[in-house]
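In what follows, a structure is listed as C-alpha cells, so that the remarks can point back to it.
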C-alpha cells in the first residue's frame with residue numbers, strides 16, 4: 001500500500017513539474033509570436049514569418065498539452081495528433097506566403113531578420129532547456145519537445161538567411177530558407193503524427 005501511495009505521489013509530482021514547465025514555455029512563445037510576427041511584417045521576410053507562426057503553433061500546443069498532462073494514453077495521443085496537424089497547418093501558411101512573395105517580390109530587411117532571429121533563438125533556447133528533462137516522459141511531452149527543437153532549427157535558419165540576404169542583396173535566400181523550413185515542418189509533423197498513431201494503436 002505504501003509503495004502504491006509513493007508511486008501515486010511521484011506521478012502527481014511529475015505532473016505538477018510538467019504543468020509548471022508548460023505554463024512557462026507557453027508564456028514565452030505567446031509573447032515571442034507577437035514580437036516576431038510584427039518584425040516579420042516590417043522586414044518583409046517569409047522565413048521570419050515562418051518562425052513567428054512556429055511560435056504561435058507552439059503556444060497553442062503548450063496550452064493543449066497542459067490539458068493532456070493528467071489524462072490517459074489515448075487522450076495524450078489524440079492531443080499529439082492535433083499538434084501534428086498544427087505543424088502541418090503552419091507549413092501550409094508559410095508555403096502560401098512563399099507563393100505570394102514570388103508574385104509580389106520584396107527584398108527583406110536583413111538587419112531585422114538577423115536581430116529578431118537571435119532574440120527568438122534566446123527565447124526558444126530557454127524553452128528547450130526547460131523541456132529537456134521531460135522529453136521522454138510520455139507521448140504528450142515528447143511531441144512538445146519536438147516542437148521546441150523545431151524552433152531552434154527555424155531560428156538558426158532565419159539567421160543564416162539574413163546573412164545571405166545581406167551578402168547577395170536579393171530576396172532569394174529568404175525564399176530558399178522559408179521553403180526548407182516548410183519541408184522541415186512537414187517532416188516534423190509526420191514524425192509527431194506517426195508517434196501518436198502508434199500510441200493510439202497501443203492504447
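The values are calculated or read from the model by the stated rules, or taken from the named source; none is laboratory data. Just so it is clear, the structure is predicted and the values come from calculations on it, not from any experiment. With ideal geometry, Cβ positions are generated from the backbone for all residues, glycine too; neighbour counts draw on all protein chains shown.
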So, residue 112, is that one surrounded by 14 or more Cβ atoms within 10 Å (Cβ to Cβ), farther than 16 Å from residue 147 by Cβ and at pLDDT below 80 or not? no
Qualifying residue in region 19-42 (condition: outside any helix (DSSP H, G or I) and crowded, with 24+ Cβ neighbours inside 10 Å): no
Here is a list of conditions, (1) at pLDDT 85 or above; (2) more than 29 Å from residue 175 (Cα to Cα), and residue 7 meets all of them except one; can you say which number that is? (1)
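If we scan region 64-71, do we find a residue that is at pLDDT 80 or above and surrounded by 13 or more Cβ atoms within 10 Å (Cβ to Cβ)?
no
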Say whether the condition of being at pLDDT below 80 and either closer than 22 Å to residue 135 by Cβ or assigned to a helix (DSSP H, G or I) (or both) is met by at least one residue in region 43-50. yes
Per the filter on region 169-201, residues more than 19 Å from residue 81 (Cα to Cα) and surrounded by 18 or more Cβ atoms within 10 Å (Cβ to Cβ) are 171, 173, 174, 175, 177, 178, 181
